[in-house]
Each structure stands twice: as C-alpha cells, then as structure tokens.
Amino acid sequence: MKIGSIVEYIDQQKIIAAVILSEKKGKLKLLNENSREVSFSEKRLAHISQVRLDTDQSRNHLINRLQTVTQTRKNLSEQIDIRELWEILHEESGDIDISAMTLFCFDPPLTPDHEAAVIRAFFNDRLYFKFNQILFAPCTPEQVAAKKKQIKEAQKKEVLVQKGVAWLTAMQAQASDPEPCDPEVLDILKSYYLFGNDADNAAIARQMIKNAGMGSADPVFVFFVRAGIWHPDENIDLLTLGVPTTFPPEVEAAGKKLSMIHTGVFQDPCRKDLTHVPLITIDGQSTLDYDDAISLEKTEQGYCLGIHIIDVGAYITSGDPVDMAARQRASSIYMPDDKLPMLPGDLSEDLCSLRQGETRPGISTLVQMNRFFEVLDFKIVPSIIRIHQQMSYSEANLLNGKDDPITSLYKIATLLREKRLKAGAVQITLPEVNVWIEENGEIRYARVDRENPSRMLVSEMMIFANSLMAKFLADHKTPAVFRSQPPPGQRLFKGVETSLLPNLMQRRHLSRAVISTYPQPHSGLGVTAYATATSPIRRYHDLLTQRQIKSVLGMNPAYSKNDLEDILAAVSVPMANAGRIQGARKRYWLLKYLESLRGSSIEALVLEGHRDHYNILLKEFMIEARLPASGLKLKLGDIIQVTVQHVDARRNQLSLFAV
C-alpha cells in the first residue's frame, strides 16, 4: 500500500475519501476529507485509487484535493442510471467485475474516479444489484420486488415513528387540544403498552418512545386517558387477554330471533308441567340472570324437594352462532363496574332467565324425602316451570324460622351439610367482600357472611343437585363435565371452623380440582361424584352437562367423550381468564377505595413470615399484602394495626407499615 494513495472507506453509511499518511502491518493512518486523522485496516477499504497525492503538501492542500476528488466522483455517480443497467443485465448469468461494470457505465477513457463513482452509485442504490466492491450480480425481478416492498415498509415505519413522536411530544407538553393522532400510531402504542416486547410492532413503539424522550411506556396510559381513548379506570386485563365485551351483530340478531319465536318448546310431550308448583328463587338484590329455583311440596311420604334449572339448551342448539359465542366466552364475568354475560342480554336476562310469573322450560331434579328429610329416591325430568316468588338473600333470612318453605328448606340444607361433613367434606368458611360502584362513582363494599342461612341454603341445594345429576350421568355411563378433588395435603380441622386463620391455612392445603369426562370423588365436597349443571346461563361447563343429561332423557344428541375433551380444551383458557379478571378487578376497586384511606390504620392478620417481609391479610377487605419486616418480630396469627402508606390501583401497588 503506497503512501499518498487516495482511498475510500465506509463510515456510518457514508463513503469517505482519504489519503494514506503511513502504513504499518496492514494498519493505515489516514487523513480524510473532513480533516480527521483515523486509523484503518487495509481490509476494510472500499476503493484504492492509483492516483497519489504528495503528503509533503500542507494539510489544507491535501484536504482541498480530497474534497475536489469527492465532488468529481459524486458528479460522475449521478450520471449512472442503475435501473437502466439492470434492465439490460438482469437476464445475464454470472458476476460482473468492477472493470466491466465501469465500462458499462462510462465511455473510455476511464480513470480511477470513474471506477470509484461506480462504487458510490451502487452503494447508494442497492435495489437492483448485489455487490461487494469488486463483483456485481443483478438481482432477479422477484428479489427486486421484495426489496421494493422492504423499502416501502421502512419508509412507512419512519413516517409512523415521526407521527408517534410528534403526538407523544405534544402530550408531554400537555397540549390543551393536541392534533388527532393517526389511528395506526395509537394502535401501535396501545399494543406496546398492553403487551410490551411481545407486541407486533414493539420495535416501532420503542423508537417512538425513545425519540420522544420518554423513559418508558407508562405515561401512555395517562395520555390515552387525556385524549379520551381510555377511561381513567380502564380495565386493562380485558384488553390484554382479548376478552370480547360485545356480541357480533349476527349473534345479537340470533338472540332476538329466539326471543320472538320460542313457544314451541312448551309443546314437547316429554316435558312435565310443573307450573302449579310454587317455585322460588333466592339471589342477590342486583341479579337479573336467574338460572335456578327451589320448591318444596308435602307428599304422603313426606316431602318432594325440587331443584329446577332453566333449560338453556331448549333455545340454543350446539354449534349455532349463540352457542359458539358462549363457548368463546366460557363464562359470564361479574365485576364491580361491569358485567360481561356469556349469553346475549335478550337471553341471559329474559328468555333464559327464571323471571317471576314467566313460563320457562326447565330441567327439574325432584327428590322424594320422608318426613325426617331423608332421601328416598330422585328423578330428573324435563319440565315446564313458573316462578311464583323471587326473593333476595336478605328477604329469605327474614323468613327463616317463621314461614315455610324457607324454614324447612334451611333444615334440609343443614342436614345435607352434616351428611357431607361426615363424609369428609372440607368446609372452608371465609367471608366474602362484595364491591360495587354507585351511579355517582362512589365505591361501596360490603363484607358478606357466606354462611348466613339463605346463602348456605342455596349453596347446599346446588351442591346436592349437582351431585345427584352427576350420579344420574354416572349411572347411565354418560361422559360429562365432572369435577373431582383429591384429599387435601393436610387436614387442619374437621366440621365447621369459624376462625379466620385456620380456614385460610386449610385453603392452602386443598388439592387442585380436576375437570374430566368421567366421575371421581370430590373430597372437598364429600361426594362420590360431582358435575356442575346449575348455572347454564353463566357457565359453559354447566350447559354442556345439561345437554348430556337431556341426551339421556332422549331430548338431544349426546356429546362423545372426545367431543367433550375437545370443547373443554377450547374453553379452558377463557374460563381461566374469566376467573383472573374477576379477581383482579375486585382487587383493583378495593385498592382504589384504599387510595382514599392513605394514612389510616387497618387491622391485619399475619399469615407468613419471611426474611425481609411478612405476608398479611387486611381483614376488613380480605386483601393479602406484604409488610416490610423492618425490625418487627411477628408470628403466624398475630393481629396487628397497619397504616396505609401508598396505594396505586392501576399498578397494583399497596405499601403498608406497622403502627
């Protein structure tokens, strides 16, 4: 390599001209056209010219010469029409060397500047040829088309980034009336906020956020709220999990059509007319979707207990649009601020709801009992039913001990509970915290005793009905959605324990429930077989089981074991999502309520001790939280007072310290 030779190299996607000042073992000392001295490897040079400069000349003279050479080569490169060359050469096979390509581009006489100009031209336009400074190969038409597509996408990406940066910058400046943002930009930012690096266009979103001078995507939530895109209490879990919040028009239309044409179900001769039997429903005050009812009649032998479930399958056929929408949801989702029904409202709150005074198709479990409320026999029949009285839990509690059938039903429930406990049932007795939002936005909550008479009555009746339906299916060797549970890892108490801590600890030792298509014992409930079929409006599992019962009764085709397993696999994720959303949303609103109690003291129960923290339970709200150890010496079961230091419901943050 000769001292004084003009060379070119690539730096930050630019071709730079330079002169060699010195060389030692392949390492060159260069002076470039920008008056910088750099060290460079000979192997990394893009072009070496035969033209040499006198390095004894002044630095300014050398730089001026280099800049003149650069301008000459730029001018020459602009004369080259690469697309025209490609049109001529792309059908040729084999590579083209630099000398031949220079001849294609220029007429003789040729100089090193012409050769360098060729390299510059092909470096700046790499759409039509592949090259490595020595050899050139025309791209195929398919390759050119693919490259054009890539270039177009890159340009689109750059435009999106610029738009995103502009919008984010305006929002950071708290512009009172920011320009409307490109919907595609909003979708990219929204997706990145929800899914992080798993978002489809995460790289574009990160570039927007970085170029806007933001450290993270967290402010995007505030910007979306200010722009009216999201509500301050937006349910992020619904968005993240992709839970449908509305029904497609065709499903809504199908639901309305069913509501208008439904009288034919009552003409079925298989149905037993029980409209004369006084049925009652017992539910929460805000309930609109009633799917179960109870009756109690005196007979010559003693009593006939009836547990009646709305026959949803009388209206919704397996595989129809409404059924497939219900399968997609798998369960209704109940939240303090919203409800997402499994079925459209025309069905869940009207046609398929056991409303007082309305005639409905049912599946009735009729249990014959003696006068001591001992079970003699039972049968399951398709029925026609009518609700005579609808009451709330509170109203039922007031009637207990005064009027029948509530008093007798409670006695039956108590006996059923005792029987289950003797069979080894694990009775977890924990209070439930209900949260709701008033019309004025005020957050309200109530601590509910799940063991009050009316709630216990309904719970035991539904457990009883489900166990009888499971036995019915098992006796007929029909696959269904059976729930089972192995014995607990450790048994901490027997019977009913009312103290909070033992119930919390026992719950941790319970074995995981198992869903299968064949019956097995359910240790937690103390029954030999269990299937859920009492809430077909709200749970798809129950609708499946109800259809299997009807298949035994000869009313519809049965699912095969494989059919059920495929459907159970399909609904497992939405079922899990429904539970996750309900729990997270209740916690969100309870934390939102606690935001107003900063600085207040709350009673807590110590659940676990760790090296740097304790796990505690805020008893009033049944919320678990961490408490920094910070020198505390506490033990399991201690009751302490903690002060609310910091709460951020959206970030699921709750900071407490011991009083």
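The values are calculated or read from the model by the stated rules, or taken from the named source; none is laboratory data. Worth saying up front: this structure is predicted, and the values here are computed from it rather than measured. All Cβ positions, even for glycine, are placed from backbone atoms using ideal geometry, and neighbour counts span all protein chains on display. Heavy atoms of the whole protein, side chains included, go into the accessibility calculation; ligands, DNA and RNA do not. Shrake-Rupley method; radii C 1.70, N 1.55, O 1.52, S 1.80 Å.
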List, please: which pairs have Cβ atoms under 9 Å, are six or more places apart or on different chains, and start with a residue in the range 380-391 that is free of Cβ contacts under 8 Å to residues at least 40 places away in the same chain and closer than 12 Å to residue 290 by Cβ and end with one that is β-branched (Val, Ile, Thr) and open to solvent by 20 Å² or more (accessible area, probe 1.4 Å)? none
I'm checking my understanding of the structure. Among residues of the range 1-40 that are small (Gly, Ala, Ser) and modelled with pLDDT of 90 or more, which one is farthest from residue 61 (Cα to Cα)? 39
Residues of the range 83-112 that turn out to be assigned to a loop (DSSP other than H, G, I, E, B) and either modelled with pLDDT of 90 or more or surrounded by 12 or more Cβ atoms within 10 Å (Cβ to Cβ) (or both), as a count: 8
For the range 240-257, check the following and say yes or no: at least one residue is among the charged types (D, E, K, R) and at pLDDT 95 or above. no
Please determine whether any residue of the range 477-488 is open to solvent by less than 20 Å² (accessible area, probe 1.4 Å), within 30 Å of residue 405 (Cα to Cα) and among the hydrophobic types (A, V, I, L, M, F, W, C). no
Report, by residue number, each residue of the range 484-518 that is over 31 Å from the mean Cα position of the chain (by Cα) and not in a loop (DSSP other than H, G, I, E, B). 496, 500, 501, 502
Among 364, 318, 348, which is part of a loop (DSSP other than H, G, I, E, B) and in contact (Cβ under 8 Å) with a residue 12 or more places away in the chain? 318
Of the listed residues (187, 198, 182), the one being closer than 20 Å to residue 162 by Cβ and open to solvent by 50 Å² or more (accessible area, probe 1.4 Å) is 187
Can you tell me which residue in the range 202-220 is least open to solvent (accessible area, probe 1.4 Å), limited to those that are free of Cβ contacts under 8 Å to residues at least 24 places away in the same chain and farther than 20 Å from residue 650 by Cα? 202
Is one or more of the residues making up the range 375-397 assigned to a loop (DSSP other than H, G, I, E, B), open to solvent by 70 Å² or more (accessible area, probe 1.4 Å), out of contact with any Gly (no Cβ under 8 Å at 6 or more places or on another chain) and farther than 17 Å from residue 461 by Cα? no
Among (1) under 29 Å from residue 337 (Cα atoms); (2) more than 19 Å from the chain's Cα centre (by Cα), which single condition is residue 207 missing? (1)
Just give me the residues in the range 272-289 being assigned to a loop (DSSP other than H, G, I, E, B) and modelled with pLDDT under 95, in sequence order. 284, 285, 286, 287, 288, 289
Selection within the range 643-659 - assigned to a strand (DSSP E or B) and open to solvent by less than 90 Å² (accessible area, probe 1.4 Å): 643, 644, 646, 647, 648, 653, 654, 655, 656, 658
Any hit, the range 145-166, residues being small (Gly, Ala, Ser) and touching a Phe, Trp or Tyr at 6+ places or on another chain (Cβ under 9 Å): no
Can you name every residue in the range 223-256 that is assigned to a helix (DSSP H, G or I), open to solvent by 50 Å² or more (accessible area, probe 1.4 Å), among the aliphatic types (A, V, I, L, M) and touching a residue at least 24 places away in the same chain (Cβ under 8 Å)? 239
Among the polar types (S, T, N, Q), open to solvent by less than 50 Å² (accessible area, probe 1.4 Å) and either touching a Cys at 6+ places or on another chain (Cβ under 8 Å) or at pLDDT 95 or above (or both), is that true of residue 452? no
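Yes or no, residue by residue, for (1) surrounded by fewer than 17 Cβ atoms within 10 Å (Cβ to Cβ); (2) over 25 Å from residue 486 (Cβ atoms); (3) touching a His at 6+ places or on another chain (Cβ under 6 Å); (4) aliphatic (A, V, I, L, M):
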position: 522; (1), (2), (3), (4): no, no, no, no
position: 527; (1), (2), (3), (4): no, no, no, yes
position: 532; (1), (2), (3), (4): no, no, yes, no
position: 539; (1), (2), (3), (4): no, no, no, no
position: 545; (1), (2), (3), (4): no, no, no, no
position: 550; (1), (2), (3), (4): no, yes, no, no
position: 555; (1), (2), (3), (4): no, yes, no, yes
position: 559; (1), (2), (3), (4): no, yes, no, no
Mind listing whichever residues of the range 419-444 are in a strand (DSSP E or B) and open to solvent by 40 Å² or more (accessible area, probe 1.4 Å)? 432, 434, 436, 437, 444
Can you list the strands (runs of 3 or more DSSP E) found entirely within the range 9-56 that contain at least 1 residues being open to solvent by 50 Å² or more (accessible area, probe 1.4 Å) and touching a Gly at 6+ places or on another chain (Cβ under 8 Å)? 45-52
Name every residue in the range 272-292 that is in contact with an Asp or Glu (Cβ under 9 Å, 6 or more places away or on another chain), open to solvent by less than 40 Å² (accessible area, probe 1.4 Å) and more than 22 Å from residue 334 (Cβ to Cβ), in order of residue number. 277
Does any residue of the range 293-315 turn out to be assigned to a loop (DSSP other than H, G, I, E, B), more than 23 Å from residue 257 (Cβ to Cβ), open to solvent by less than 40 Å² (accessible area, probe 1.4 Å) and touching a residue at least 24 places away in the same chain (Cβ under 8 Å)? no
Can you tell me which residue is farthest from the chain's Cα centre (by Cα) among those in the range 54-107 that are among the aromatic types (Phe, Trp, Tyr) and closer than 26 Å to residue 145 by Cα? 104
Enumeration of residues in the range 129-145 that are open to solvent by 50 Å² or more (accessible area, probe 1.4 Å), free of Cβ contacts under 8 Å to residues at least 60 places away in the same chain and not hydroxyl-bearing (Ser, Thr, Tyr): 130, 132, 134, 135, 141, 142, 143, 145
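Conditions (1) more than 30 Å from residue 517 (Cβ to Cβ); (2) without any contact (Cβ under 8 Å) to a residue 60 or more places away in the chain, marked per residue:
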site: 409; (1), (2): yes, no
site: 451; (1), (2): yes, yes
site: 473; (1), (2): no, no
site: 486; (1), (2): no, yes
Among (1) closer than 14 Å to residue 281 by Cα; (2) surrounded by 16 or more Cβ atoms within 10 Å (Cβ to Cβ), the one test that residue 357 misses: (2)
Residue in the range 550-562 that is farthest from the chain's Cα centre (by Cα), counting only those that are under 18 Å from residue 312 (Cβ atoms) and in a helix (DSSP H, G or I): 552
Does any residue in the range 97-126 that is over 18 Å from residue 69 (Cβ atoms) and touching a residue at least 40 places away in the same chain (Cβ under 8 Å) come within less than 9 Å, Cβ to Cβ, of a residue that is in a loop (DSSP other than H, G, I, E, B) and open to solvent by less than 70 Å² (accessible area, probe 1.4 Å) six or more places away or on a different chain, and which pairs are these? 122/80; 122/128; 122/133; 125/80
